[in-house]
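> Dropping the structure in here first, questions after.
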Amino acid sequence: MSFSSLVQDLSLRDGGNNNPNAAAASRRPPPTVSSIDDRASHISRARSYASTAATSSMLIYPLFITDNDDDMNLVPSLPGQHQLGIGRLVSFLEPLVHKGLRSVILFGVPMKPGTKDALASAADDPEGPVIRAIRLIRRRFPQLYICADVCLCEYTSHGHCGILRDDGSLNNELSVDRISDVAVAYAKAGVHCVAPSDMNDGRIRSIKLKLIEEGIAHKTTLMSYSAKFSGCLYGPFRDAAGSAPSFGDRKCYQLPPGGRGLARRAIIRDMSEGADIIMVKPAGQYLDIISDAKDLGKDLPVAAYQVSGEYAMIHAGAKAGVFGLKEMAFESAEAILRAGATIIVTYFTPEFLDWLDN
Ligand SMILES: [Zn+2]
């Protein structure tokens, strides 16, 4: 299934207001992406086997939104990428939307001193960067499909992806409860897709149930970072998001690089808990896992996140004259699509909009 048909599917579901069956539909359990017409999904799958050509509708562009409205800070380890204040967002997005940008994923970057605490209170602050950005983008660029990363690590004083016990280990119950509250707050602010990246057990189920309780599950896509591997490809992201853990690492709740079976189990778990899209992260080093995700989630879109380290490596290789930037960016995207992804989250999105146009 292509990203554009997913968007179309969601807009059909959202457009139920004039439909006499809408009230009945709203009483039914919320449809998931897997409930869409099977034939269409077979056709799109057949197409994706036949072609690995990237199109702009497959791309989601990650944006780092700070709480200083005028910020426009280049991230040195992530070539060409910025931390953006809300005041810069419209002028930044305008030319990209003009070139065909279809979707963004938002990461909040609280910079103001004293914002972070043990409970990540700022994550769902209505005046915080993510909720303000969701509202602004909905208003100014109604055609954009907006995803929001949902995690606590940007907002916790310790930089871990949940609430900690006194001994420094993650308290699963409290973490999941807090993360699902944050996801619901973003959905209520108008985001189209919530994307929990924390990897705490049970968070997909908890988010889905709260979205159902709030009556917004039918218009909120739940994209799960299902197979998120720990490793050394996240350095530039942590510079951009300011989310490096202050002690320890995330290896106890992210997958070890060799953990193919664990990844398959996590994908199956998240699908059974109600995920609408399965994500694999990083992408290029984990093509077998993307292929597994496609195999396990036959009617679910598979997203792959080409992470900061992959992007920075391609830039570094091109700068060193090892290969051309454009050629390697396309080769990497084509490999990801060949493995089975239909959505790519990538920092190359602005370049692809130019390159695909030519
Ligand atoms: Zn996190």
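The values are calculated or read from the model by the stated rules, or taken from the named source; none is laboratory data. Fair warning: this is a prediction, and the values are worked out from it, not measured in the lab. Every residue, glycine as well, gets a Cβ built from its backbone with ideal geometry; the counts of neighbours run over all protein chains shown.
> If you take the residues of region 207-227 that are within 16 Å of the ligand (Cβ to nearest atom) and of a type in the set (S, T, N, Q), which of them is nearest to LEU152 (Cα to Cα)?
SER224
> Quick check: anything in region 304-317 within 12 Å of ALA227 (Cβ to Cβ) and modelled with pLDDT of 95 or more?
There is at least one residue in region 304-317 that is within 12 Å of ALA227 (Cβ to Cβ) and modelled with pLDDT of 95 or more.
> Out of region 252-265, which residues are without any contact (Cβ under 8 Å) to a residue 60 or more places away in the chain and closer than 20 Å to SER175 by Cβ?
GLN254, LEU255, LEU262, ARG265
> Among the numbered criteria (1) outside any strand (DSSP E or B); (2) within 22 Å of LEU144 (Cβ to Cβ); (3) within 12 Å of the chain's Cα centre (by Cα), which single criterion is violated by LEU211?
For LEU211, the exception is condition (3).
> State yes or no: is ILE216 without any contact (Cβ under 8 Å) to a residue 40 or more places away in the chain, surrounded by fewer than 17 Cβ atoms within 10 Å (Cβ to Cβ) and more than 16 Å from the chain's Cα centre (by Cα)?
When the stated conditions are applied, ILE216 passes them.
> Given the conditions (1) within 15 Å of the ligand (Cβ to nearest atom); (2) assigned to a helix (DSSP H, G or I); (3) not β-branched (Val, Ile, Thr), and given that GLY231 satisfies all but one, which numbered condition is not satisfied?
Going through the list (1) within 15 Å of the ligand (Cβ to nearest atom); (2) assigned to a helix (DSSP H, G or I); (3) not β-branched (Val, Ile, Thr), GLY231 breaks only (2).
> Please specify each residue of region 278-304 satisfying the condition of being in a helix (DSSP H, G or I) and touching a helix residue (DSSP H, G or I) at 6+ places or on another chain (Cβ under 6 Å).
Passing the criteria: GLY284, LEU287, ILE289, ILE290, SER291, ASP292, ALA293, LEU296.
> So the check is Cβ under 6 Å with 6+ separation or different chains; which pairs have a first residue in region 237-251 that's within 20 Å of MET313 (Cα to Cα) and a second one that's modelled with pLDDT under 75?
That search, which allows pairs on different chains as well, returns ARG238/ALA244.
> So if I check each of THR55, THR66, which one is in contact with a helix residue (DSSP H, G or I) (Cβ under 8 Å, 6 or more places away or on another chain), more than 30 Å from SER272 (Cβ to Cβ) and at pLDDT below 95?
THR55
> Out of all the residues in region 154-175, which are within 16 Å of ASP125 (Cβ to Cβ), in a loop (DSSP other than H, G, I, E, B) and out of contact with any Phe, Trp or Tyr (no Cβ under 9 Å at 6 or more places or on another chain)?
TYR155, SER157
> Taking GLU327 and the conditions (1) out of contact with any Cys (no Cβ under 9 Å at 6 or more places or on another chain); (2) among the charged types (D, E, K, R); (3) within 21 Å of ILE105 (Cβ to Cβ), which numbered condition does it fall short on, given that it satisfies the others?
Going through the list (1) out of contact with any Cys (no Cβ under 9 Å at 6 or more places or on another chain); (2) among the charged types (D, E, K, R); (3) within 21 Å of ILE105 (Cβ to Cβ), GLU327 breaks only (3).
> Within region 203-218, is there a residue that is within 19 Å of LYS281 (Cβ to Cβ) and among the hydroxyl-bearing types (Ser, Thr, Tyr)?
There is no residue in region 203-218 that is within 19 Å of LYS281 (Cβ to Cβ) and among the hydroxyl-bearing types (Ser, Thr, Tyr).
> Taking the conditions exactly as written (surrounded by fewer than 22 Cβ atoms within 10 Å (Cβ to Cβ), within 16 Å of the ligand (Cβ to nearest atom) and farther than 21 Å from LEU255 by Cβ), does LEU164 satisfy them or not?
In short, no.
> One residue is enough: does region 258-273 have a residue meeting the conditions hydroxyl-bearing (Ser, Thr, Tyr), within 16 Å of SER197 (Cβ to Cβ) and more than 16 Å from the chain's Cα centre (by Cα)?
no
> Restricting region 240-258 to residues that are more than 15 Å from the ligand (Cβ to nearest atom) and in contact with a helix residue (DSSP H, G or I) (Cβ under 9 Å, 6 or more places away or on another chain), which is nearest to LEU209 (Cα to Cα)?
The selected residue is PRO256.
> If I filter region 98-107 for residues that are aromatic (Phe, Trp, Tyr) and away from the ligand (no atom under 16 Å from the Cβ), do I get at least one hit?
No: zero hits.
> Mind telling me which of the residues SER175, SER197 ends up being among the polar types (S, T, N, Q), within 12 Å of the ligand (Cβ to nearest atom) and within 15 Å of the chain's Cα centre (by Cα)?
Residue meeting the stated conditions: SER197.
> Which of the residues that make up region 68-93 are under 20 Å from the mean Cα position of the chain (by Cα) and either crowded, with 18+ Cβ neighbours inside 10 Å or among the aliphatic types (A, V, I, L, M) (or both)?
VAL75, LEU78, GLN81, GLN83, LEU84, GLY85, ILE86, LEU89, LEU93
> Looking only at region 114-154, filter to residues that are aliphatic (A, V, I, L, M), more than 15 Å from the ligand (Cβ to nearest atom) and under 14 Å from ALA183 (Cα atoms); which one of those is surrounded by the fewest Cβ atoms within 10 Å (Cβ to Cβ)?
Ranking the qualifying residues of region 114-154, first place goes to ILE146.
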